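Have a look at the structure below before the remarks.
The values are calculated or read from the model by the stated rules, or taken from the named source; none is laboratory data. Since we're looking at a predicted model, the values are computed, not measured. Here the Cβ positions follow ideal geometry from the backbone for every residue, glycine too, while neighbour counts run over all protein chains shown. These accessible areas exclude ligands, DNA and RNA; they are computed on the full protein's heavy atoms, side chains included. Shrake-Rupley method; radii C 1.70, N 1.55, O 1.52, S 1.80 Å.
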Amino acid sequence: MLDRWWSTLRKMRDERTLKRRPIPDALWELTLARYPFLARRSAEDRSQLRELATLFLAQKEFTGAQGLPITDEIAVAIAAQACLPVLRLGLDAYAGFVGIVVHPDEVVARREVMDDDGVVHHYDETLAGEAMEGGPVMLSWYDVESAGESAEWGYNVVIHEFAHVLDMGDGRADGVPPGVHRERWLSVLMPAFDNFCERVVCGYETVLDPYAAEGLDEFFAVASESFFVTPQALKEEQPALYRLLMSYYRQDPAG
Ligand SMILES: [Zn+2]
């Protein structure tokens, strides 16, 4: 009873948001023009994406770092790309976090690791984005903005980080998102990963960035980028992996 009451209330709230705070036509057209992998989706997908992005903007909190002002252009560019993976899954998949921190460019993070002898080593890591369980999601605006061009080589920082968010939905960053049959999922993902790592070691050209060889979590995130921005290439090189992602995301971007 309470559940039904709650979902009715939520539906009313969403309808009000869509009516009162729609993404303006001009800004939506600009966003589609900037990101061809969004523009080439069907009219139905685009309209659904616009609605989801509108609700996403109402639910999430954007913060600019290093003096970066969060303009409507920045917020809509991120919302539209972040909502692409959950077009069929719905925004509940992102319920575990609220904050999105946008930096003007890449960020250098100071890291430390302890070796087997207990000695702590420090190193710097350059990040275009980062997702943590419970949030916030960090993104470099430079990388977000140029995602139309970088799609040519399958790179998309927003989809990458939000794939991590989905993966961590069950509290584990292990390349197995919640809601899938773990054994069945791994029976496809593992061989695809092993095969990919071999190809990287042998120095072959791959559709996926070699960074995907870091681990199953990165493999899932990088494969998700390619699935949405260079779907045809991924489908040709890794058909089983493509079908796996198709079943999870309930979309066929190459179709
Ligand atoms: Zn990653």
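Projecting the Cα atoms of Leu87, Gly154, Ala77 onto the charge dipole of the range 22-157 (Cβ charges, centred on the Cα centre) puts Leu87 farthest toward the positive pole.
How large a share of the accessible area of the chain, in percent, is made up of carbon and sulfur atoms when the probe is 1.4 Å and the other protein chains stay in place? Its accessible area is 52 percent carbon and sulfur atoms.
Could you provide, to the nearest whole Å², the per residue accessible area of the range 39-195 with probe 1.4 Å?
Values: 7500 Å² over 157 residues.
Per-residue value: 48 Å².
Share of antiparallel DSSP beta bridges in the chain, in percent to the nearest 5? If I count the DSSP bridges inside the chain, around 60 percent turn out antiparallel.
As a ratio to 2.2 N^0.38 Å, the alpha-carbon radius of gyration for the range 148-255 is 0.97. Applying a DSSP loop filter and a limit of 14 other Cβ atoms within 10 Å to the trypsin sites (Lys or Arg not before Pro) in the range 162-207 leaves Arg172.
Where Lys and Arg each count +1 and Asp and Glu each count -1, what net charge lies around Asp45 among other residues with Cβ under 14 Å from its Cβ?
Numbers: positive: Arg40, Arg41, Arg46, Arg50, Arg88, Arg250; negative: Glu44, Glu51, Asp252.
Around Asp45, the charge tally is +3.
Sorting Val101, Val108, Val119 by solvent-accessible area of protein heavy atoms yields Val108, Val119, Val101, largest first, with a 1.4 Å probe.
If you add up the charges near Gly96, with Lys and Arg at +1 and Asp and Glu at -1, over every other residue whose beta carbon is less than 11 angstrom from its beta carbon, what do you get?
Details: positive: none; negative: Asp92, Glu133, Asp170.
Around Gly96, the surrounding residues sum to -3.
For the chain, the Cβ-based charge dipole about the Cα centre amounts to some 1700 debye (Lys, Arg positive; Asp, Glu negative; other atoms uncharged).
Give the average over all directions of the projected area of the C-alpha convex hull of the chain, one decimal, in nm². Working shown, then result.
Working: hull surface 64.3 nm².
So the Cα hull casts an average projection of 16.1 nm².
Result for the chain in a Gaussian network model with C-alpha springs under 10 Å: among Glu152, Glu44, Glu61, the largest mean-square fluctuation is at Glu44.
Give the ranking of Met138, Met132 by solvent-accessible surface, highest area first, calculated with a 1.4 Å probe. If you can, show how the numbers build up before the last one.
Working: Met138 20, Met132 90 Å².
The ordering from most to least exposed comes out as Met132, Met138.
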